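Colleague: Let me give you the structure first, and then I'll get to my questions.
The values are calculated or read from the model by the stated rules, or taken from the named source; none is laboratory data. These numbers come from a predicted model, not from an experiment. Don't worry about glycine lacking a Cβ; one is built from the backbone with ideal geometry, like all the others, and counts go over all protein chains shown.
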Amino acid sequence: MLSLSRWKIAIVTLSVIFGIVFTLPNLLPQKTLDALPGWVPKQKLNLGLDLQGGSYLLYEVDTAALRKERLGNLVEDVRTTLRTAGISFNGLGEAGGVISLRIDDASKVATAVTELNKLGSPLQGALTKDVVVSSKADQRIELTFAPEAAKADAAKAVEQSIETIRRRIDSLGTKEPTITRQGADRIVIQAAGESDPERLKAVIGKTAKLTFQMVDETVTPEEMQSGRMPPGVVLVPGDAVQPYYALKKRAVVSGEELVDAQQAFDGQSGRPVVSFRFNGSGARKFGDATARNIGKRFAIVLDNKVISAPTIQGAILGGSGQITGNFTVESASELSLLLRSGALPAQLNIEEQRTVGAELGADAVKAGAISLAIGAAAMFVFIILAYGLFGVFAAMALIANVLLIVGIMSFTQATLTFPGIAGLILTLAVAVDANVLIYERMRDEAAAGRSPMSAADTGYRLALVSILDANITSLISAGIMFSFGSGPVKGFAWTLAIGVFTSLFTAIIITQVLIGWWFKAAKPKKLPIA
Amino acid sequence: MAAWPLIRLIPRSTHYRFVRWAPVAAVISLVLILGSGVSFFTQGLNLGIDFKGGVALEARTPATAPIDLDKLRAVAKGTGAHDVQVQGFGAPNSAMVRFLPTEGGNAQVEANRIKGEIIAKFPGMTMPAPTVIGAKVSGELLMGGFKALGIALLLMLGYIWFRFQWQFGVGAVVAVFHDIILTLGVLSVMQIEFSMTSVAALLTVIGYSMNEKVITFDRLKENLRKYKSTPLREIIDLSENERLSRTIITGSTALLALGGTMIFGGPVLFPLVFTMVFGIIIGTYSSIYIALPIILVWGLKRGDEEAKPIKLGAASRP
């Protein structure tokens, strides 16, 4: 193991150079950096909100639009409910937040009220429902939303939006945003320093409501011009091919039933597309609808705009398909990101954009930096006192470890927060542990009467098993926390995973090369730690 | 060269009988866990603004008079508001002050009081009406975190089972739970503020504790193979003694690295570092006195013959 193979030395040299090159931008002043030629890496560590602040975006949930949409849905629900119950009616419409209709048959008014009372959902913490049905004179029925409903809807929309935004920002990488509600219907998003606010706005600003709707081919272009649609049909803006589409209001399937969406390339044209997969019930609905409507067209509608309206060639049963449209690779991957993280319940309107300072005070950051330096120094002194020359090797490996971690984090633009730094200190402690394990093993083997060279070699070989076991366990937990966790948990997992790899490399390979050189140069009769 | 190593923390070989003290440790741990539980359910965790949300006040001064953030921070803290955060807000003459209102108090009244006290110290400063802000940690974020942690623990258990035997996995997971409960317990008893960073600290503690366990298991596994006929409890003692030097050096290194921050890091960083330091100590303790001795409860399969499980009561004989 202590043989100094050429590839080992090459890897060590290369990785240390990598670490230095990518760590350096963090140490140079901005002016020097700007003066350097373009090919030199200039990315600095993306320090978290707590350490250097970042961008601040204030959004307002468009509750008016949300209310309008809920009323629209309720109108459709009323229509279907009464039709299913076999009650005929006329004059169904909405004005000023009140839905009104007239029942044709006076004897059926009571039944209609009973049926309509089943609509709506219970209000939280109350026995009443959010839809209030009242019967008026002249066989008229009116439906309104309870006053509390608007508030509850807004609160729910804000909550859902926060989770969706978090998923969207998380899929951009570990940006460690803080997303909080402010007041009744506002959302504050803060993201660390280097995160580009425009990129954030691009993924937050779209509702990404996706539906698959059948095209109503019976509507003539003239009717479309006049804008008078048969009941249950809407006019939706389209693209250059066809400015407007007449679509059945009822969606065949909606984006909520997607389980995955990815940017891909079309097999024939080679153009960027978004490929998607439905869940079980979505696949069934989509399969049924396509099987029944072969030869007709369906439209893929995103945020109330038709992206494409392909003709159904045959039943699509597998539950997966692709969206073609006028996509570039970027716009296709952005759409797939939005579809994966789910639609926003309502449109978000940006109200304010600012740059904010660090959450921690300058004095706290300074105290933290100084104390961490003291801690690191104490660690170095201790390990050198404990293992002498081999301790110096371990300390050198630690320095390489720090360089590599900072280099990789700068390169991948992972966000480093103060807790992250504390986590890194512990990663370093575990890296030291690997060296301690190796050296203790060497002591044992030397005490058992092996020659220095053989003791050192066996020390590495035997300690490796324990080190691998411990690090694989860490890696498992990092992997799980990265894939299932969100926000800060995800960021933590990423830092942990980087640390595991760099620690394994530096604590084992780099010290091996150093000790190998020393053996070659000093030809010792006794291990310095024995 | 002869002077090295300068420090040798413990004699080269030790013969402490750790397992003998395991029943005592078990009783102590149980009492501590019960205490943690009582504290947890009576006074709970001191949840900070990250979990509860709070009130935000925007501060503005004329463009010619930038705000001294450090002074504002000191003044805001001086008003006695909990969990104060002060942040520069877009321009040098604008800042955001957030705080956690006193429980059961009138947030509006408190906000106005704080506003008054701050404005009195900063001539020309205006503060528009306070706004209520939500928690940084939403329910889904927390549940997602717990789910991730649960799955991670299960998979770690699986890996340890695969590499060693199931008894090891159970020992590790029981010990890690022990660490989590006691760490939360001490945070609850001392009413140290629990924030988003405490979650990170807790995750680090779990990572360190798991590392301790796996390292010791490895030695135990090796010794089980080496000494086929020695009683299990003696092998456990032997493995722990052989690992003692390493445990102490690694633990001291970690504590030294964090100790600086605990003493000199200031009040803002103290909760984070305290949690980690406590976790390292408790994680080391639980590796020695919980994770390994617990294996004795079921015994282990060794070679062809099944080692007899030892009755818990009998384990206390010297």
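Colleague: Kindly check whether there is at least one residue in region B:230-238 that is within 13 Å of chain A (Cβ to nearest Cβ) and among the charged types (D, E, K, R).
Modeller: no
Colleague: What residue, among those in region B:231-276 that are in contact with a helix residue (DSSP H, G or I) (Cβ under 7 Å, 6 or more places away or on another chain) and of a type in the set (Asp, Glu), is farthest from A:Gly368 (Cα to Cα)?
Modeller: B:Asp237
Colleague: Also: Buried (at least 22 other Cβ atoms within 10 Å of the Cβ), within 19 Å of B:Leu187 (Cβ to Cβ) and not assigned by TED's automatic domain parsing to the domain that holds B:Asp83: is that true of B:Leu272 in this structure?
Modeller: In short, yes.
Colleague: Turning to a different aspect of this structure: If we only count strands (runs of 3 or more DSSP E) wholly inside region A:172-249, which ones have 1 or more residues that are within 14 Å of chain B (Cβ to nearest Cβ), of a type in the set (A, V, I, L, M, F, W, C) and out of contact with any Phe, Trp or Tyr (no Cβ under 6 Å at 6 or more places or on another chain)?
Modeller: It comes to A:178-182, A:186-192.
Colleague: Going through region B:164-192 one residue at a time, which ones are closer than 15 Å to B:Tyr289 by Cα and of a type in the set (A, V, I, L, M, F, W, C)?
Modeller: B:Phe168, B:Val170, B:Ala172, B:Val173, B:Val174, B:Ala175, B:Val176, B:Phe177, B:Leu182 - these are the residues of region B:164-192 that are closer than 15 Å to B:Tyr289 by Cα and of a type in the set (A, V, I, L, M, F, W, C).
Colleague: Which ones in region A:343-367 are without any contact (Cβ under 8 Å) to a residue 24 or more places away in the chain and either within 23 Å of the chain's Cα centre (by Cα) or more than 7 Å from chain B (Cβ to nearest Cβ) (or both)?
Modeller: A:Lys366
Colleague: Can you go through A:Phe380, A:Phe393 and tell me which one is without any contact (Cβ under 8 Å) to a residue 60 or more places away in the chain, more than 8 Å from chain B (Cβ to nearest Cβ) and in a helix (DSSP H, G or I)?
Modeller: A:Phe380 is the lone residue from the list that is without any contact (Cβ under 8 Å) to a residue 60 or more places away in the chain, more than 8 Å from chain B (Cβ to nearest Cβ) and in a helix (DSSP H, G or I).
Colleague: If you check A:Ser3 against the conditions, is it in a loop (DSSP other than H, G, I, E, B) and either in contact with a helix residue (DSSP H, G or I) (Cβ under 8 Å, 6 or more places away or on another chain) or aliphatic (A, V, I, L, M) (or both)? Steps first, answer last, please.
Modeller: Numbers: in a loop (DSSP other than H, G, I, E, B): yes; either in contact with a helix residue (DSSP H, G or I) (Cβ under 8 Å, 6 or more places away or on another chain) or aliphatic (A, V, I, L, M) (or both): yes.
Yes.
Colleague: B:Asn241 versus (1) in contact with a Gly (Cβ under 7 Å, 6 or more places away or on another chain); (2) in contact (Cβ under 8 Å) with a residue 12 or more places away in the chain; (3) part of a helix (DSSP H, G or I): which is the lone unmet condition?
Modeller: (1)
Colleague: Consider B:Val277 carefully, then state whether it is assigned to a helix (DSSP H, G or I), free of Cβ contacts under 8 Å to residues at least 24 places away in the same chain, within 24 Å of the chain's Cα centre (by Cα) and more than 10 Å from chain A (Cβ to nearest Cβ).
Modeller: On the way: assigned to a helix (DSSP H, G or I): yes; free of Cβ contacts under 8 Å to residues at least 24 places away in the same chain: yes; within 24 Å of the chain's Cα centre (by Cα): yes; more than 10 Å from chain A (Cβ to nearest Cβ): yes.
So B:Val277 fits the description; yes.
Colleague: Mind counting the residues in region A:126-181 that are in contact (Cβ under 8 Å) with a residue 40 or more places away in the chain and polar (S, T, N, Q)?
Modeller: 7
Colleague: To continue, here is another question. With the condition kept exactly as written, say whether any residue in region A:492-506 is more than 30 Å from the chain's Cα centre (by Cα) and either buried (at least 18 other Cβ atoms within 10 Å of the Cβ) or of a type in the set (Asp, Glu) (or both).
Modeller: yes
Colleague: Moving to a separate point now. Being buried (at least 21 other Cβ atoms within 10 Å of the Cβ), among the aliphatic types (A, V, I, L, M), within 14 Å of chain B (Cβ to nearest Cβ) and assigned to a helix (DSSP H, G or I), is that true of even one residue in region A:514-524?
Modeller: Step one: of region A:514-524, the residues buried (at least 21 other Cβ atoms within 10 Å of the Cβ) are A:515.
Pick out the ones that are also among the aliphatic types (A, V, I, L, M) and you get A:515.
Still in the list and also within 14 Å of chain B (Cβ to nearest Cβ): none.
No: region A:514-524 contains no residue that is buried (at least 21 other Cβ atoms within 10 Å of the Cβ), among the aliphatic types (A, V, I, L, M), within 14 Å of chain B (Cβ to nearest Cβ) and assigned to a helix (DSSP H, G or I).
Colleague: Cβ-Cβ distance below 8 Å, separation of 6 or more or different chains: which pairs start in region B:73-94 with a residue that is at negative phi and more than 8 Å from every other protein chain (Cβ to nearest Cβ) and end on one that is hydrophobic (A, V, I, L, M, F, W, C) and assigned to a helix (DSSP H, G or I)?
Modeller: B:Val75/B:Ile118; B:Ala76/B:Ile114; B:Ala76/B:Ile118; B:Thr79/B:Ile114; B:Thr79/B:Ile118; B:Ala81/B:Ile114; B:His82/B:Ile49; B:Val84/B:Ala76
Colleague: Looking at (1) over 30 Å from A:Gln52 (Cα atoms); (2) of a type in the set (Gly, Ala, Ser); (3) without any contact (Cβ under 8 Å) to a residue 24 or more places away in the chain, which is the only condition A:Ala478 fails?
Modeller: If we test A:Ala478 against (1) over 30 Å from A:Gln52 (Cα atoms); (2) of a type in the set (Gly, Ala, Ser); (3) without any contact (Cβ under 8 Å) to a residue 24 or more places away in the chain, just (1) comes out false.
Colleague: Would you point out the residue of region B:186-205, among those that are within 21 Å of B:Gly251 (Cβ to Cβ) and surrounded by fewer than 22 Cβ atoms within 10 Å (Cβ to Cβ), that is farthest from the chain's Cα centre (by Cα)?
Modeller: B:Val186
Colleague: Next question, about the same structure. Against the condition surrounded by fewer than 20 Cβ atoms within 10 Å (Cβ to Cβ), assigned by TED's automatic domain parsing to the domain that holds B:Met125 and out of contact with any Lys or Arg (no Cβ under 9 Å at 6 or more places or on another chain), how does B:Lys77 come out, does it pass?
Modeller: When the stated conditions are applied, B:Lys77 passes them.
Colleague: On to the next question. Residues that are of a type in the set (Ser, Thr, Tyr) and more than 9 Å from chain A (Cβ to nearest Cβ): does region B:196-208 have at least one?
Modeller: no
Colleague: Among the residues of region B:36-55 satisfying the criterion of being in contact with a helix residue (DSSP H, G or I) (Cβ under 9 Å, 6 or more places away or on another chain) and within 14 Å of another protein chain (Cβ to nearest Cβ), which is farthest from B:Val186 (Cα to Cα)?
Modeller: Among those that are in contact with a helix residue (DSSP H, G or I) (Cβ under 9 Å, 6 or more places away or on another chain) and within 14 Å of another protein chain (Cβ to nearest Cβ), it is B:Val55.
Colleague: At least 3 residues that are at pLDDT 85 or above and of a type outside the set (Phe, Trp, Tyr) in each: list the helices (runs of 4 or more DSSP H) lying fully within region B:14-113 that qualify.
Modeller: B:18-42, B:69-78
Colleague: For region A:19-118, please list each of the helices (runs of 4 or more DSSP H) lying entirely inside it that holds at least 3 residues being at pLDDT 85 or above.
Modeller: Working: elements: A:30-35, A:49-52, A:63-85, A:109-116.
Output list reads A:63-85, A:109-116.
Colleague: Search region A:434-462 for residues being surrounded by fewer than 18 Cβ atoms within 10 Å (Cβ to Cβ) and not in a helix (DSSP H, G or I), and hand back the single one that is nearest to the other protein chains (Cβ to nearest Cβ).
Modeller: Of everything passing the filter in region A:434-462, A:Ala448 is nearest to the other protein chains (Cβ to nearest Cβ).
Colleague: If we keep just the residues of region B:122-138 that are outside any loop (DSSP other than H, G, I, E, B) and within 35 Å of the chain's Cα centre (by Cα), which is surrounded by the most Cβ atoms within 10 Å (Cβ to Cβ)?
Modeller: Checking each candidate, the answer is B:Ile133.
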